[in-house]
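S.K.: Take a look at this one; I'll ask things after.
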Amino acid sequence: MPVTKSAKKALSRSLKLQQRNYDFKLRMKMAIKKFMKNLTKGVVVAETEVQNLYKYIDKACKVGVLKKQTAARRKSRVAKMFNVAQKTK
């Protein structure tokens, strides 16, 4: 347990940031699952999910939850899946 005032504040801040990071990652994972589920339903439905997923990935990158290249890689993989689904249907 922290003893000094600054250590207590650091612990509190650390827990808040940990929760924020968890929330961003959870939103992203849920958006990916929703995108994958809607990808099988149809391209039109999945297109709106792609936009939402990009929004969540960009926000996580902006806040610092994801690194810039990690965000770019995830967006690229999503775009690739979407394009393949578009061509097949």
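The values are calculated or read from the model by the stated rules, or taken from the named source; none is laboratory data. Only a predicted model underlies this, so the values are computations on that prediction, with no experimental measurement involved. Here Cβ is always computed from backbone atoms with ideal geometry, including for glycine, and neighbour counts include all displayed protein chains.
S.K.: Among the residues of segment 44-72, write down those that are in a helix (DSSP H, G or I), hydrophobic (A, V, I, L, M, F, W, C) and surrounded by 16 or more Cβ atoms within 10 Å (Cβ to Cβ).
M.R.: Scanning segment 44-72 gives A46, V50, L53, I57, A60, C61, A71.
S.K.: Now for a separate question. Within segment 46-72, restricting attention to residues that are within 15 Å of V84 (Cα to Cα) and of a type in the set (A, V, I, L, M, F, W, C), which residue is modelled with the lowest pLDDT?
M.R.: It comes out as A46.
S.K.: Any residue that is closer than 24 Å to L66 by Cβ, among the polar types (S, T, N, Q) and surrounded by fewer than 11 Cβ atoms within 10 Å (Cβ to Cβ) - is there at least one of those in segment 19-36?
M.R.: Checked against the condition, which is being closer than 24 Å to L66 by Cβ, among the polar types (S, T, N, Q) and surrounded by fewer than 11 Cβ atoms within 10 Å (Cβ to Cβ), segment 19-36 yields at least one hit.
S.K.: Out of K29, K87, K75, which single residue is of a type outside the set (S, T, Y), in a helix (DSSP H, G or I) and in contact with a helix residue (DSSP H, G or I) (Cβ under 9 Å, 6 or more places away or on another chain)?
M.R.: K75
S.K.: Is it fair to say F35 is of a type in the set (F, W, Y), at pLDDT 95 or above and either closer than 30 Å to T88 by Cβ or in a helix (DSSP H, G or I) (or both)?
M.R.: So F35 fails the test.
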